[in-house]
Amino acid sequence: MDKFVIECGARLVGEVQTGGAKNAVLPLMAAGLLVDDWLTLTNVPRLKDIDTLCGLMRFMGAEIDGDPATGTLKVRASKITKPEAPYDLVKTMRASILVLGPLVARCKEARVSLPGGCAIGARPINLHLAGLEKMGATIEIEHGYIHIRAEKLIGAKIYLDAPTVTGTENLMLAAVLADGQTVIENAAMEPEVVCLADALNKMGARITGAGTDIIKIEGVTKLKPVEVEVIPDRIEAGTFMIGAAMTRGNVLIKDCPINYLETLAVKLKETGTTITEEEGGVRVIGDWPIRSVDFRTQPYPAFPTDMQAQMMAMMTISGGLSVISETVFENRFMHVSELKRMGADIKIDGRVAIVTGVERLSGAPLMATDLRASASLILAGLVAEGTTEVSRIYHLDRGYENIEKKLGGLGANITRVKDEAKKK
């Protein structure tokens, strides 16, 4: 497996470009299953998860084209020959479940493997399935597969027990071609949900309320192919914001979606970090000593769970005690043991982490456990004394495009070391 080798000492200084949002691209690609001509996406990053979904959609019979160099991706599903998603193609990516709604709406049936992905929590899909059942679908689960049929989906009132992002997106994708009106209550309000709704409306759907907790969808008979620009990745931008703050850096993050990162910006300012909006981006200037802050992860617009690990890394070198509560996923403290190997002082009590800042971290060999944990270990390596090696970075390649080149362009001493077994 490839790994990153990171040497301590560099302040992050300069400019960095925010890429397109992985969590927006994937549902947009799934929307391509609803039309029979080219859906064109721009500002698409080169990521492993996107490659995985491309492979899955090709298996179904869709055509994939575009130019990775320009960030263009095109999907045409004129014929869906296999409305199924086998385990071998979806085991590494939970977002593969997003094909379920479009396949049922378009093909009247789907056979989809129960999804895999990062082991950060149970993340059950029962809310997706319960919503589709209310829309008239029949569902069977056996041998690790969901088999769902619906001669015609019917609009329904759906209440989500929790504001699941993929659940909201899946039901939206199914409801746009259903008969009548679908109302999703307690819907997820994330920017990626709004991006999908805006794209579907551009395609001819009739969706209102995206960005609030009540979304209404009036079913239509047909959608048209269009061109859609993917929104900037707020999690990538937030990771660079924390990196600049931790290293006493001075970084202009171009196309930073600061309006989606207000809770993170508030907490960073409390640490002593300076954040100012400039033409074309957001400038982040770090200062020491770092003041400790408490925070609690919750669904958008509160503090994002996808920034918890990175912010915890910053708190390990703060000047006091920080209490971090993780309310979204029950198993999202797996990076703690690796940070403790670097000398961090962290105590876990259920879903609460108590972090006492230390004067310095020490470089160590580390192993990434999930996507955002990978980012936190890299940030810690930037400020740790000596050399840090982060293994299993395939997790990171799922959600960050060329992070070593972007950090290297800001002055970080980070190198990707290729797996020798791959070279042979």
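Among the listed residues Phe333, Phe303, identify the single one that is more than 24 Å from Val251 (Cβ to Cβ) and aromatic (Phe, Trp, Tyr).
Among Phe333, Phe303, only Phe333 is more than 24 Å from Val251 (Cβ to Cβ) and aromatic (Phe, Trp, Tyr).
If I ask for residues that are among the acidic types (Asp, Glu), out of contact with any helix residue (DSSP H, G or I) (no Cβ under 6 Å at 6 or more places or on another chain), assigned to a loop (DSSP other than H, G, I, E, B) and over 25 Å from Pro289 (Cβ atoms), which ones from the range 317-371 would you list?
The one that is among the acidic types (Asp, Glu), out of contact with any helix residue (DSSP H, G or I) (no Cβ under 6 Å at 6 or more places or on another chain), assigned to a loop (DSSP other than H, G, I, E, B) and over 25 Å from Pro289 (Cβ atoms): Glu330.
In the set Ala162, Ala187, which member is surrounded by 24 or more Cβ atoms within 10 Å (Cβ to Cβ), touching a residue at least 24 places away in the same chain (Cβ under 8 Å) and in a loop (DSSP other than H, G, I, E, B)?
Exactly one of Ala162, Ala187 is surrounded by 24 or more Cβ atoms within 10 Å (Cβ to Cβ), touching a residue at least 24 places away in the same chain (Cβ under 8 Å) and in a loop (DSSP other than H, G, I, E, B), namely Ala187.
Of the numbered conditions (1) touching a Pro at 6+ places or on another chain (Cβ under 9 Å); (2) assigned to a helix (DSSP H, G or I); (3) at pLDDT 95 or above, Thr168 satisfies every one except a single condition; which is it?
(1)
Given the criteria at negative phi and part of a strand (DSSP E or B), does Val282 qualify?
Considered against the rule, which asks whether it is at negative phi and part of a strand (DSSP E or B), Val282 comes out as yes.
Scan the range 9-31 for residues that are over 30 Å from Pro225 (Cβ atoms) and buried (at least 20 other Cβ atoms within 10 Å of the Cβ) and jot them down.
Within the range 9-31, Leu12, Val16 meet the criteria.
Test Arg111 against the stated conditions and say whether it is modelled with pLDDT under 95 and part of a loop (DSSP other than H, G, I, E, B).
When the stated conditions are applied, Arg111 does not pass them.
Anything in the range 242-277 that is in contact with a Leu (Cβ under 8 Å, 6 or more places away or on another chain) and under 13 Å from Phe303 (Cβ atoms)? List them, or say none.
Scanning the range 242-277 gives a single hit, Ile242.
With of a type in the set (Ser, Thr, Tyr) and in a helix (DSSP H, G or I) as the only criterion, which of Thr263, Thr276, Thr221 stands out?
The match here is Thr263.
Would the range 268-291 turn up any residue that is within 30 Å of Asn186 (Cα to Cα), surrounded by fewer than 23 Cβ atoms within 10 Å (Cβ to Cβ) and either hydrophobic (A, V, I, L, M, F, W, C) or outside the structural domain of Pro191 (by TED's automatic domain parsing) (or both)?
no
Listed here are the residues, each with its yes/no results for (1) at pLDDT 95 or above; (2) over 20 Å from Gly14 (Cα atoms); (3) not assigned by TED's automatic domain parsing to the domain that holds Leu410.
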| position | (1), (2), (3) |
| --- | --- |
| Lys254 | yes, no, no |
| Arg296 | yes, yes, no |
| Ala302 | yes, yes, no |
| Thr305 | no, yes, no |
| Glu326 | no, yes, no |
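Scan the range 306-325 for residues that are over 17 Å from the mean Cα position of the chain (by Cα) and closer than 23 Å to Asn23 by Cβ and report the count.
Within the range 306-325, residues that are over 17 Å from the mean Cα position of the chain (by Cα) and closer than 23 Å to Asn23 by Cβ number 5.
Can you confirm whether His147 is without any contact (Cβ under 8 Å) to a residue 24 or more places away in the chain and surrounded by fewer than 24 Cβ atoms within 10 Å (Cβ to Cβ)?
Considered against the rule, which asks whether it is without any contact (Cβ under 8 Å) to a residue 24 or more places away in the chain and surrounded by fewer than 24 Cβ atoms within 10 Å (Cβ to Cβ), His147 comes out as no.
Just name the residue that is nearest to Glu133 (Cα to Cα) out of those in the range 162-196 that are of a type in the set (Asp, Glu) and in contact with a helix residue (DSSP H, G or I) (Cβ under 6 Å, 6 or more places away or on another chain).
Selected residue: Glu169.
Among the residues of the range 66-89, is any touching a His at 6+ places or on another chain (Cβ under 9 Å) and closer than 27 Å to Thr18 by Cα?
No.
With a cut-off of at least 1 residues that are at pLDDT 95 or above and in contact with a helix residue (DSSP H, G or I) (Cβ under 9 Å, 6 or more places away or on another chain), name the helices (runs of 4 or more DSSP H) lying wholly within the range 22-90.
Passing ranges, in order: 22-31, 48-60.
Go through Ile235, Ile253 for me and flag whichever is in a helix (DSSP H, G or I), in contact with a helix residue (DSSP H, G or I) (Cβ under 9 Å, 6 or more places away or on another chain) and buried (at least 17 other Cβ atoms within 10 Å of the Cβ).
Checking each option against the conditions leaves just Ile235.
What's the number of the only condition in (1) closer than 26 Å to Gly238 by Cβ; (2) modelled with pLDDT under 95; (3) not aromatic (Phe, Trp, Tyr); (4) not assigned by TED's automatic domain parsing to the domain that holds Ile242 that Ala10 fails to meet?
(4)
The values are calculated or read from the model by the stated rules, or taken from the named source; none is laboratory data. This one's a predicted model, so the numbers in the text were calculated from it and none came from an experiment. Neighbour counts run over all protein chains shown; Cβ positions are idealised from the backbone, glycine included.
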